[in-house]
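Contents: one structure, followed by commentary.
Just so it is clear, none of the values below were taken in a lab; they were calculated from the coordinates. Owing to the predicted nature of the structure, the values given are computational and were not obtained by experimental measurement. Positions of Cβ are generated from backbone atoms using ideal geometry, with glycine treated the same way; all protein chains shown enter the neighbour counts.
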Amino acid sequence: MDTRNVVDKYRDQSVEDIVKDLDESRSDLEIAVENLERDFNMGTIVRNANAFNVKAVHVIGRKQWNKRGAMKTDAYVHIYYYQTAAEFFVAMAERGKEVIAIDIVEGAQPLGRVRLPVNSVLVFGAEGPGLSDELLHGAKQVVMIEQFGSTRSVNVGVASGIAMYTWIQQNRLQ
């Protein structure tokens, strides 16, 4: 019996066959994570990326991250690594991607009022420090998730799911 956490359609198929099939229906959305410190939320972000079948995941900084939290979903997404933000920005320009930073900082636009472009790459930072100044300043726009409670922000893994689903609503479900 196949014990992997895959939908019935993929039971008893190889990882390679699953990836090949997913490649046929990937969303144009790409995501990136600035991995300057070992953030345990990265696994959740990658798992969300798999759930929304994004085209690619870009990791900026450290190559080591919490793969356990991804629940093996990292096997089904295309992951690219960059040592620096500058290297990442060059690659995104070559791919024709608009870098959208997701962070609660002064001047960020509310997600509910923003139209996320089809060619977006949504960038998330580490829990706590958020995104570096280099990524914030290099992004085409900075977007925040509106919140109404007493805490400063939601968990970055949760924020990634909200932002990815907003892109899906605006660009894939229409």
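So the values come out like this:
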quantity: Set of aspartates and glutamates with alpha-carbon distance to LYS67 below 13 Å, sequence-local pairs under 8 removed; calculated: ASP39
quantity: Positive dipole terminus of the chain, leading residue within ILE60, THR84, VAL6 (C-beta point charges); calculated: VAL6
quantity: Between helix 156-171 and the chain: long-axis angle, C-alpha atoms, 0 to 90°, nearest 10; calculated: 80
quantity: Qualifying GluC sites (Glu not before Pro) for segment 116-153 [loop in DSSP, other Cβ within 10 Å: at most 12]; calculated: GLU146
quantity: Within-10-Å neighbourhood charge of TYR81 [Cβ basis; K, R +1; D, E -1]; calculated: +1
quantity: Cut-off 18 Å, label 7 Å out along Cα→Cβ of GLN83, residues of segment 23-62 by amide N; calculated: 34-37, 59-62
quantity: Nearest 10 degrees, 0 to 90: helix 85-94 Cα axis against the chain principal axis; calculated: 70
quantity: Value in Å of the Kirkwood radius, where segment 10-66 supplies the Cα pairs that are averaged; calculated: 12.4
quantity: Cα-based helix-to-principal-axis angle, 42-51 vs the chain, degrees rounded to 10; calculated: 60
quantity: Computed helical MRE - 222 nm, the chain, DSSP H runs ≥ 4 contributing -39500 (n - 2.57), nearest 500; calculated: -8500 deg cm²/dmol
quantity: Full-stretch length increase - ASN119, GLN141 - with 0.36 nm per residue and alpha-carbon distance subtracted; calculated: 6.6 nm
quantity: Share of Cα-Cα pairs in segment 30-143 lying beyond 22 Å, as whole percent; calculated: 27
quantity: Local electrostatic count, ARG95, Cβ distance below 15 Å [Lys/Arg +1, Asp/Glu -1]; calculated: -1
quantity: Most to least packed among 89-98, 50-59, 19-28 [average Cβ atoms within 10 Å]; calculated: 50-59, 89-98, 19-28
quantity: About the Cα centre, charge dipole magnitude for the chain (Lys/Arg +1, Asp/Glu -1 at Cβ), debye; calculated: 240
quantity: Residue with peak Gaussian network fluctuation, the chain [Cα springs, cutoff 10 Å], from ARG115, ARG68, ARG152; calculated: ARG152
